[in-house]
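Notes for the one structure printed next.
The values are calculated or read from the model by the stated rules, or taken from the named source; none is laboratory data. Everything quoted here is computed from the prediction, not taken from an experiment. Here the Cβ positions follow ideal geometry from the backbone for every residue, glycine too, while neighbour counts run over all protein chains shown.
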Amino acid sequence: MEENLKQEPTNCIKIVLVGPESTGKTTLSRQLARYYNSVWVPEYAREYLQKKWNNERKTCEPVDLLPIAMGQMKQENALAKKTDTVLICDTNLLETKVYSEEYYSGICDPVIEKYALKNTYDLYFLTYIDTPWEGDDLRDKPEERAKMFKAFEVTLEKHNKPYVLLKGDKKTRLEMAIKHIDKLLNNKH
């Protein structure tokens with residue numbers, strides 16, 4: 001099982017977006033992948049949980065977190081093979097860890113936590129809560145975005161993850177992200 005949570009070696013720069021729900025991660029991930037003519041790794045939890053909601057009218061439970069984490073890493077590892085420049089990840093296991101701890105009494109599966117901290121990314125973009133809330137079947141806590149933002153910020157800092165805070169409108173965020181990714185790409189060559 002642990003094998004399913006490991007990152008496979010790759011030559012590309014890995015960028016990941018993390019942050020509270022409805023803060024523009026998917027939109028920005030798609031924009032960045034298009035800008036760099038590369039690939040982006042969608043959030044597996046959305047696909048998995050939407051299916052669960054449609055079939056059972058149930059939301060995420062602790063038992064769902066391991067299959068979500070394994071599905072996320074399976075997608076990331078497969079898509080990382082399709083680029084040698086930059087891979088844009090809509091989310092990662094650190095996001096799963098933070099949500100698990102915030103939603104389920106401070107608890108995270110130790111195996112998920114291990115790989116959330118062990119898997120590496122060249123840069124994290126932490127999305128701020130200054131975007132309008134857009135509800136859907138899966139988003140359930142608009143009033144807790146500030147609390148969730150703080151949980152992400154504390155986790156990134158506690159574990160010394162390299163991150164940049166993205167605020168502002170879509171154009172501002174995209175320009176800021178490109179500036180930081182370009183710097184990484186220039187240092188790679």
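Quick check on this structure: which one of L65, L87 is assigned to a helix (DSSP H, G or I) and aliphatic (A, V, I, L, M)?
L65
When D64 is evaluated against the numbered criteria (1) in contact with a helix residue (DSSP H, G or I) (Cβ under 9 Å, 6 or more places away or on another chain); (2) buried (at least 22 other Cβ atoms within 10 Å of the Cβ), which criterion, by number, is the only one it fails?
(2)
Could you please let me know if L138 is of a type in the set (A, V, I, L, M, F, W, C) and at pLDDT 95 or above? Don't jump to the end; show me each part of the working.
Values: of a type in the set (A, V, I, L, M, F, W, C): yes; at pLDDT 95 or above: no.
No; evaluated as a whole, the condition is false for this residue.
Look through T131, T127 and report the one residue that is closer than 15 Å to G24 by Cα and either touching a Leu at 6+ places or on another chain (Cβ under 6 Å) or surrounded by fewer than 19 Cβ atoms within 10 Å (Cβ to Cβ) (or both).
That would be T127, the only listed residue that is closer than 15 Å to G24 by Cα and either touching a Leu at 6+ places or on another chain (Cβ under 6 Å) or surrounded by fewer than 19 Cβ atoms within 10 Å (Cβ to Cβ) (or both).
Given the criteria in contact with a strand residue (DSSP E or B) (Cβ under 6 Å, 6 or more places away or on another chain) and in a loop (DSSP other than H, G, I, E, B), does K14 qualify?
Criteria not met by K14.
Can you tell me which condition T131 does not meet? The list is (1) part of a helix (DSSP H, G or I); (2) in contact (Cβ under 8 Å) with a residue 40 or more places away in the chain; (3) of a type outside the set (D, E), and all the others hold.
Here T131 clears every test but (1).
Can you work out which of the residues in region 90-110 that are of a type in the set (D, E, K, R) and not in a helix (DSSP H, G or I) is farthest from A45 (Cα to Cα)?
Taking the candidates together, the pick is D109.
Which condition breaks for N4 when tested against (1) over 14 Å from the mean Cα position of the chain (by Cα); (2) without any contact (Cβ under 8 Å) to a residue 40 or more places away in the chain?
That leaves (2) as the condition not met.
So which of L49, L79 is out of contact with any Asp or Glu (no Cβ under 9 Å at 6 or more places or on another chain) and assigned to a helix (DSSP H, G or I)? Let's see the steps before the verdict.
Details: L49 fails: out of contact with any Asp or Glu (no Cβ under 9 Å at 6 or more places or on another chain).
When all the criteria are applied, what remains is L79.
Identify, from the list T83, T155, T96, T131, the residue that is touching a strand residue (DSSP E or B) at 6+ places or on another chain (Cβ under 8 Å) and of a type outside the set (K, R).
T83
Looking at L17, L49, can you tell me which residue is within 29 Å of D169 (Cβ to Cβ) and either over 11 Å from the mean Cα position of the chain (by Cα) or exposed (fewer than 14 other Cβ atoms within 10 Å of the Cβ) (or both)?
L49
Show the residue pairs that are 6+ apart or on different chains and have beta-carbon atoms under 6 Å apart, the first residue being within region 160-173 and outside any strand (DSSP E or B), the second being of a type in the set (A, V, I, L, M) and surrounded by 14 or more Cβ atoms within 10 Å (Cβ to Cβ).
These pairs meet every condition: P162/L123; R173/L28; R173/L166.
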